[in-house]
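Please read the structure below before turning to the comments.
The values are calculated or read from the model by the stated rules, or taken from the named source; none is laboratory data. Computed from a predicted structure; not experimentally measured. In this analysis, Cβ positions are derived from the backbone assuming ideal geometry, glycine residues included, and neighbour counts consider all displayed protein chains.
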Amino acid sequence: MATIKITQTGSPIRRQADQRQTLIGLGLNKMYRTVELQDSPEVRGMIRKVQHMVSVDG
């Protein structure tokens, strides 16, 4: 299966609690941390929810 690299570029400070929890669910909790996850519809939906705080490398 394909993988996708996600890097946190925005701070969760002063964001809604569900957006902070989405970042934690993606494995991101510090600025500029990068994780590599399986490319699935569930992960894509989580990325879409916090797209203003992450950058994605295919």
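Below is a table of values for the structure above.
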read-out: Selection from the range 46-58 of residues that are within 13 Å of ILE4 (Cα to Cα) and not in a loop (DSSP other than H, G, I, E, B); value: MET46, ILE47, VAL54, SER55, VAL56, ASP57
read-out: Top-ranked residue in the range 1-27 [being hydrophobic (A, V, I, L, M, F, W, C) and farther than 16 Å from ARG44 by Cα; ranked as surrounded by the most Cβ atoms within 10 Å (Cβ to Cβ)]; value: ALA17
read-out: Selection count, the range 2-36, where residues are in a loop (DSSP other than H, G, I, E, B), farther than 13 Å from SER55 by Cα, modelled with pLDDT of 95 or more and not basic (Lys, Arg); value: 5
read-out: Qualifying position, being over 11 Å from the mean Cα position of the chain (by Cα) and not acidic (Asp, Glu), among GLY10, GLY58, GLY25; value: GLY58
read-out: Residue in the range 32-43 that is nearest to PRO12 (Cα to Cα), counting only those that are in contact with a strand residue (DSSP E or B) (Cβ under 8 Å, 6 or more places away or on another chain) and surrounded by 10 or more Cβ atoms within 10 Å (Cβ to Cβ); value: ARG33
read-out: Breaking point among (1) surrounded by 10 or more Cβ atoms within 10 Å (Cβ to Cβ); (2) in contact with a Gly (Cβ under 8 Å, 6 or more places away or on another chain), for HIS52; value: (1)
read-out: THR22 being over 13 Å from THR7 (Cβ atoms) and touching a Lys or Arg at 6+ places or on another chain (Cβ under 9 Å); value: yes
